[in-house]
Protein chains: 4
Amino acid sequence: MVVVMAGNASEESTANVIGKLTEMNFDVHRSTGVNQTVLGAVGDKRGLDPRLIEVMPGVQKVVRVSEPYKLASRTVQPEDTVIKVKDVSIGGDKLVMMAGPCSVEGRDEIREIAATIARAGASVLRGGAYKPRTSPYSFQGLGEEGLKYLSEAATENGMVSVSEVMESGQIPALLEHVDILQVGARNMQNFSLLRELGKVRKPVLLKRGLSATIEELLMAAEYIMAGGNFEVILCERGIRTFEKYTRNTLDLSAIPVVKKLSHLPIIADPSHATGRRDKVAPMARASIAAGTDGLMIEVHQQPEMAMSDGPQSLYPEQFQKLMGELEIIAQAVGKKW
Amino acid sequence: MVVVMAGNASEESTANVIGKLTEMNFDVHRSTGVNQTVLGAVGDKRGLDPRLIEVMPGVQKVVRVSEPYKLASRTVQPEDTVIKVKDVSIGGDKLVMMAGPCSVEGRDEIREIAATIARAGASVLRGGAYKPRTSPYSFQGLGEEGLKYLSEAATENGMVSVSEVMESGQIPALLEHVDILQVGARNMQNFSLLRELGKVRKPVLLKRGLSATIEELLMAAEYIMAGGNFEVILCERGIRTFEKYTRNTLDLSAIPVVKKLSHLPIIADPSHATGRRDKVAPMARASIAAGTDGLMIEVHQQPEMAMSDGPQSLYPEQFQKLMGELEIIAQAVGKKW
Amino acid sequence: MVVVMAGNASEESTANVIGKLTEMNFDVHRSTGVNQTVLGAVGDKRGLDPRLIEVMPGVQKVVRVSEPYKLASRTVQPEDTVIKVKDVSIGGDKLVMMAGPCSVEGRDEIREIAATIARAGASVLRGGAYKPRTSPYSFQGLGEEGLKYLSEAATENGMVSVSEVMESGQIPALLEHVDILQVGARNMQNFSLLRELGKVRKPVLLKRGLSATIEELLMAAEYIMAGGNFEVILCERGIRTFEKYTRNTLDLSAIPVVKKLSHLPIIADPSHATGRRDKVAPMARASIAAGTDGLMIEVHQQPEMAMSDGPQSLYPEQFQKLMGELEIIAQAVGKKW
Amino acid sequence: MVVVMAGNASEESTANVIGKLTEMNFDVHRSTGVNQTVLGAVGDKRGLDPRLIEVMPGVQKVVRVSEPYKLASRTVQPEDTVIKVKDVSIGGDKLVMMAGPCSVEGRDEIREIAATIARAGASVLRGGAYKPRTSPYSFQGLGEEGLKYLSEAATENGMVSVSEVMESGQIPALLEHVDILQVGARNMQNFSLLRELGKVRKPVLLKRGLSATIEELLMAAEYIMAGGNFEVILCERGIRTFEKYTRNTLDLSAIPVVKKLSHLPIIADPSHATGRRDKVAPMARASIAAGTDGLMIEVHQQPEMAMSDGPQSLYPEQFQKLMGELEIIAQAVGKKW
């Protein structure tokens, strides 16, 4: 921690700050300039609130030196984490495509779409059974029944499965049926849920919150990892800005930034980010070009009849065409499907 | 719902849209102008996703006519909701002050601060026992033990109590000990939790999410109300913007906006919004002047020793002084404590 | 400037950074901790781009110690600046009310509204003659003719006048006719214009840009002051956020923040911030309660006929009523009109 | 324009709105549903402020039907605009690379870097001579002298040139020396400048403002086009969000959105968007994959010595390597350099 004293801070204020830091078990180095005094405070203080010092008289600014996350940090683990789920690797040279409908709508429906997208090259089947809907009057998902259908459809097509968990009580059902547990954007800082997922021994796909900074995303991953579950896959899915033409703004620079700060794999979800089918393909291509480890894309055999998010779901033939385009871009960045 | 067709939409596209709307049981009124066709679709479709029509060929824009919330709307209930908890009324002519430490830190500590703030005029005692902390390495609260201390301190001083609930599993403990259950900003769209709180028969204090629109805040209230619990108190606590000098940006215009759209009471939390003690008083004054029904303010007998959020907690004497200032402003807007 | 080296930075990287800083004439203090090295660089380097160091190998973070502005800073001038324009003082204990129509629409119109608002207690008459309109097809203002009408109406009613300048070429006309030159939000970083206004010897009212940080607002003031014109009045008029119910989000916490960082007066403009007449009064009251030095409010005798911004203009009787309410709040914060 | 009346609007309110619309020369179609009345108002009213109706009693919402821009709209001109500057085409199948230093720093410097980047495949040479700097104490550019050096270096290497114009007074110098006039992000809504550029007969490169919506960007283009200059190149360069790890957030979805709404070419500037050299390459690749018509990238022979924006400038060898990568991605989206 570095404490910058104000230009006009009294010697007494400076002494008080040094006293407080020492009391907190920091080693303090003082550097007195012509205009200002700067204090370097050395020590390991991950949970500490820097504002405690910031509000003291005479303090101009406090700067945290160490990152607040540790297990998620590339400083701690320089080499990339590669997560293996059956035959699928996430985080290595091979890209991963997670695709499927927004919601599991029925047994036949999910089997049909699974076959289609597996043929096109996807290796992970997505589909929601517990749905976080902004309206209490909207379709809320098939629940555990949906998880069974999803699992069956995935297995039939040699795929692994991913589905969303909304609360701790749903974890057992997800553990029984699916391979990867997804945490939605609105639950990224549901700390109770994150803590429980730390006890799980299946990979967690963690979506970035609508207004979460990259640091907060990594801190949410840290919650899960601090519990002992190191298999966390991050997902950029758009942040909220003033621009209203797209549902959210896909922040693709988050991909190279996360790659630098952390060893965890990161994928992109252009379907939720844009909210409109015709913007999914260009953003999917751009995500690969920016260095993502994979994609999550919504596909539905009849989007106009979908029970949720139809307007952002691709038609099967659009998905197939997109996979072809992505293959070429993957090569350009030294990756393959 | 109003559907605006593009200037160059073909007659066939228009016919398709009319067909789709009719299929969805809407009554369709067509209005053909020189440049564009506009379709009015009449019918009750609260959970419908307007993008389903928006992505059809020839459609330029779809506009929802009815508000997505119903029970929370002033159209449905024109008169203000007043929530009574023991002797305290929230939402009427009398302002309510909720105050206390960020976390309950111990039995003696909470009793001491409760006595102080009750004397200064607060009628609701706040204090967290289950703490949503962004770092897994920070103090996570005393749990049910903390709730007991809070309740005891409130009763001793003739106050009612409010504390945060983070997940459904904690609801029974909260129901046993406290009077008002608080949903934190990060859980505003934790729909599982909201649904469970709909079954409760104690008031819920619902904080606006960091990037939630006012409409989303009202939709979250709707979730609780749809379950049968009509006692929802809204809380503006700052939104996330690009400005970094304050922790968040207190959106005070949300107060008159909510007052127009909804009959529910709304209070403001200047402590979390600003994150700095010296900005709490001006923002508290401004909140009253903007028409809030009450305030939630963090106070600690020794903020520099607080286990959480000390830097934004007022000293007891600051709180007392503030109460005096607020009294005069309350009069100016025709309210009283 | 403080340079935080990464935990795994090599000694060579650290030496390179020290070399670079020394080359730039900084005095460097090195503080080597167990995990990380921190370098304090002392010297006066206002124009320097800290990213120059930040991109060097091994550097984790660079923190600027001194504020980038100087003349606008309270560190340099601790006492409040009070600007006197004829009989009007801006920045002292007395609040100032600037009011009038969005645009000067004609000689009779401005005289009529000036008389009305002067009677209600306003001392500064506002009215645009050069209008920055987002559409090239909208009314663009009466130009110099409008300035004459404004000036005449102000003088007749014992008021001073303020009007917007959009480009350097308009400065002579404004200097001839009005007392205060206003820079609009969209021109806050029109550096050519700011530089020219530094040569002027009349006060400048500088509005905060839609996405400007408080620091950028102070830097824009610094541009004007660096040219020798120290009479700058700042104005908070709403920032752009994701919330769409109001036109912008009035950031009232900017008022106490600016009061701490700078000695310059700051007023608030609730008309542009909210964009809707019915939200002006609560936000005007809140601004006074938050500690503003004054207000700028749009008033029109027939808002529904206004040539611009009618929907946010108050009716004369609303303005009169508001002035009464504001008087009581002013007393509560120890100010008067 | 579509006017949605509130559910509880009186017949008198509805009649008043119809009267007002008729008075404004709209043809009004009334559609009365069970719960609400909707009015369709047909007529050509580009400059009109919809809030004029929105604030009338009984009105719930007003929706603009036609886009506020016309000349920039793809509805008006379905085929892509291709701008030709000497041998360079912007907007067609061939991608364009604009590169060079942030500022022209001297005659030899610009000639050296021009030769390097021309060899690597760039066809447009960028370099600022009038610099909009946030600090009045920073290097402000070489002025007209710089334009001469830029022009000379471009010609020598068979390139065309682009440089920024900050105010109307600089237009003659730019017209004399450079091929494309650039409007910076902070001047996107400097309407005086836009109007003057409408009279010019050289292409204008218009950068999106830091908090400008896509619609506002197109409206700014409309200003220039309304003056008779149809050669406008749009540029996405990052918007301001809460994320602080990158300087701005490059909004790549703006590219397909603009391509749908407008016929004008659009390029991306990853250097200003990210502000950091190591993020430029991934974002440049992503921009091509998203469908941009070209790129603007800062390159400097010795970035650490650059007089401005060195930290985001590529080294010549990085630029050359990037050009190779971009070539493959261009093929993947059916384009070439």
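The values are calculated or read from the model by the stated rules, or taken from the named source; none is laboratory data. Note that this is a predicted model, so its numbers are computed, not measured. In this analysis, Cβ positions are derived from the backbone assuming ideal geometry, glycine residues included, and neighbour counts consider all displayed protein chains. Ligands, DNA and RNA are excluded from the accessible area calculation, which covers all protein heavy atoms including side chains. Shrake-Rupley method; radii C 1.70, N 1.55, O 1.52, S 1.80 Å.
Quick test for you: out of D:SER192, D:SER168, D:SER161, pick the one residue that is within 25 Å of D:ALA120 (Cβ to Cβ), of a type in the set (Gly, Ala, Ser) and in contact with a helix residue (DSSP H, G or I) (Cβ under 8 Å, 6 or more places away or on another chain).
D:SER161
Does the stretch B:90-110 contain at least one residue that is closer than 30 Å to D:TYR69 by Cα and outside any loop (DSSP other than H, G, I, E, B)?
The answer is no; no qualifying residue exists.
Please count how many residues of the stretch B:48-89 are part of a loop (DSSP other than H, G, I, E, B), of a type in the set (D, E, K, R) and out of contact with any helix residue (DSSP H, G or I) (no Cβ under 8 Å at 6 or more places or on another chain).
So the answer is 5.
Output the number of the condition that B:THR22 fails; it satisfies all remaining conditions of (1) modelled with pLDDT of 80 or more; (2) open to solvent by less than 40 Å² (accessible area, probe 1.4 Å).
Every condition holds for B:THR22 apart from (2).
Given D:ARG64, D:ARG74, D:ARG133, which one is under 30 Å from B:PRO68 (Cα atoms), within 11 Å of another protein chain (Cβ to nearest Cβ) and either open to solvent by 30 Å² or more (accessible area, probe 1.4 Å) or without any contact (Cβ under 8 Å) to a residue 40 or more places away in the chain (or both)?
It is D:ARG64.
Using the structure shown, decide if B:THR75 is over 30 Å from the mean Cα position of the chain (by Cα) and of a type in the set (Ser, Thr, Tyr).
It is false that B:THR75 is over 30 Å from the mean Cα position of the chain (by Cα) and of a type in the set (Ser, Thr, Tyr).
Look through the stretch D:144-182, keep the residues that are assigned to a loop (DSSP other than H, G, I, E, B) and more than 12 Å from every other protein chain (Cβ to nearest Cβ), and return whichever of them is nearest to C:LEU71 (Cα to Cα).
My answer is D:VAL178.
Any residue that is aromatic (Phe, Trp, Tyr), within 30 Å of D:MET225 (Cβ to Cβ) and in the same structural domain as D:THR213 (by TED's automatic domain parsing) - is there at least one of those in the stretch D:129-138?
Yes, some residue in the stretch D:129-138 is aromatic (Phe, Trp, Tyr), within 30 Å of D:MET225 (Cβ to Cβ) and in the same structural domain as D:THR213 (by TED's automatic domain parsing).
Among the residues of the stretch C:49-57, is any more than 9 Å from chain D (Cβ to nearest Cβ), out of contact with any Gly (no Cβ under 6 Å at 6 or more places or on another chain) and in contact (Cβ under 8 Å) with a residue 24 or more places away in the chain?
Yes, the stretch C:49-57 contains a residue that is more than 9 Å from chain D (Cβ to nearest Cβ), out of contact with any Gly (no Cβ under 6 Å at 6 or more places or on another chain) and in contact (Cβ under 8 Å) with a residue 24 or more places away in the chain.
Could you pull out the residue among D:GLY33, D:GLY47, D:GLY43, D:GLY58 that is at pLDDT 85 or above and either open to solvent by less than 50 Å² (accessible area, probe 1.4 Å) or not acidic (Asp, Glu) (or both)?
Criteria check complete, one pass: D:GLY58.
Residues to consider are A:SER66, A:SER73; find the one that is out of contact with any Phe, Trp or Tyr (no Cβ under 6 Å at 6 or more places or on another chain), hydroxyl-bearing (Ser, Thr, Tyr) and at pLDDT 90 or above.
A:SER73
Evaluate the stretch D:83-98: report whether one residue or more is over 23 Å from the mean Cα position of the chain (by Cα), under 22 Å from D:MET305 (Cα atoms), in contact (Cβ under 8 Å) with a residue 12 or more places away in the chain and away from every other protein chain (no Cβ under 14 Å).
No - not one qualifying residue is present in the stretch D:83-98.
Restricting to the stretch A:191-247, name every residue that is farther than 30 Å from C:LYS244 by Cα, in a loop (DSSP other than H, G, I, E, B) and away from chain B (no Cβ under 13 Å).
The answer is A:VAL200, A:ARG201, A:LYS202, A:PRO203, A:PHE230, A:GLU231.
In the stretch B:321-330, is there at least one residue being open to solvent by 10 Å² or more (accessible area, probe 1.4 Å), within 7 Å of another protein chain (Cβ to nearest Cβ) and out of contact with any Gly (no Cβ under 8 Å at 6 or more places or on another chain)?
Yes, some residue in the stretch B:321-330 is open to solvent by 10 Å² or more (accessible area, probe 1.4 Å), within 7 Å of another protein chain (Cβ to nearest Cβ) and out of contact with any Gly (no Cβ under 8 Å at 6 or more places or on another chain).
How many residues are at the interface with another protein chain (Cβ under 8 Å from one of its Cβ atoms), open to solvent by less than 10 Å² (accessible area, probe 1.4 Å) and either touching a Leu at 6+ places or on another chain (Cβ under 9 Å) or in a loop (DSSP other than H, G, I, E, B) (or both) when one looks only at the stretch A:250-277?
8
When you scan the stretch C:25-38, do you find a residue that is within 36 Å of the chain's Cα centre (by Cα), of a type in the set (A, V, I, L, M) and either over 20 Å from A:LEU39 (Cα atoms) or in a loop (DSSP other than H, G, I, E, B) (or both), even just one?
Checking the stretch C:25-38: not a single residue is within 36 Å of the chain's Cα centre (by Cα), of a type in the set (A, V, I, L, M) and either over 20 Å from A:LEU39 (Cα atoms) or in a loop (DSSP other than H, G, I, E, B) (or both).
Taking B:GLN301 as the residue in question, decide whether it is away from chain A (no Cβ under 14 Å), of a type outside the set (A, V, I, L, M) and part of a loop (DSSP other than H, G, I, E, B).
Against the criterion (away from chain A (no Cβ under 14 Å), of a type outside the set (A, V, I, L, M) and part of a loop (DSSP other than H, G, I, E, B)), B:GLN301 qualifies.
Of all residues in the stretch B:278-308, which are surrounded by fewer than 24 Cβ atoms within 10 Å (Cβ to Cβ), closer than 24 Å to A:LEU48 by Cα and out of contact with any strand residue (DSSP E or B) (no Cβ under 6 Å at 6 or more places or on another chain)?
Residues satisfying the conditions are B:ASP278, B:GLN301, B:GLN302, B:PRO303, B:GLU304, B:MET305, B:ALA306.
Out of the residues in the stretch B:181-232 that are basic (Lys, Arg) and over 14 Å from the mean Cα position of the chain (by Cα), which is least open to solvent (accessible area, probe 1.4 Å)?
Going through the qualifying residues, I end up with B:LYS202.
Can you tell me which residue is farthest from C:SER271 (Cα to Cα) among those in the stretch C:310-320 that are open to solvent by less than 20 Å² (accessible area, probe 1.4 Å) and touching a strand residue (DSSP E or B) at 6+ places or on another chain (Cβ under 8 Å)?
So, considering only residues that are open to solvent by less than 20 Å² (accessible area, probe 1.4 Å) and touching a strand residue (DSSP E or B) at 6+ places or on another chain (Cβ under 8 Å), the one farthest from C:SER271 (Cα to Cα) is C:PHE319.
Output the number of the condition that A:SER103 fails; it satisfies all remaining conditions of (1) more than 21 Å from A:ARG237 (Cα to Cα); (2) assigned by TED's automatic domain parsing to the domain that holds A:MET225.
Failing condition for A:SER103: (1).
May I ask you to list pairs of residues, at least six apart or on different chains, whose Cβ atoms are under 7 Å apart, with the first in the stretch B:212-240 being among the aromatic types (Phe, Trp, Tyr) and the second being in a helix (DSSP H, G or I)?
Hits for this filter: B:TYR223/B:PHE191; B:TYR223/B:LEU194; B:TYR223/B:ARG195.
Going by the conditions given, is A:ARG186 in contact (Cβ under 8 Å) with a residue 40 or more places away in the chain and at the interface with another protein chain (Cβ under 8 Å from one of its Cβ atoms)?
Yes: the conditions hold for A:ARG186.
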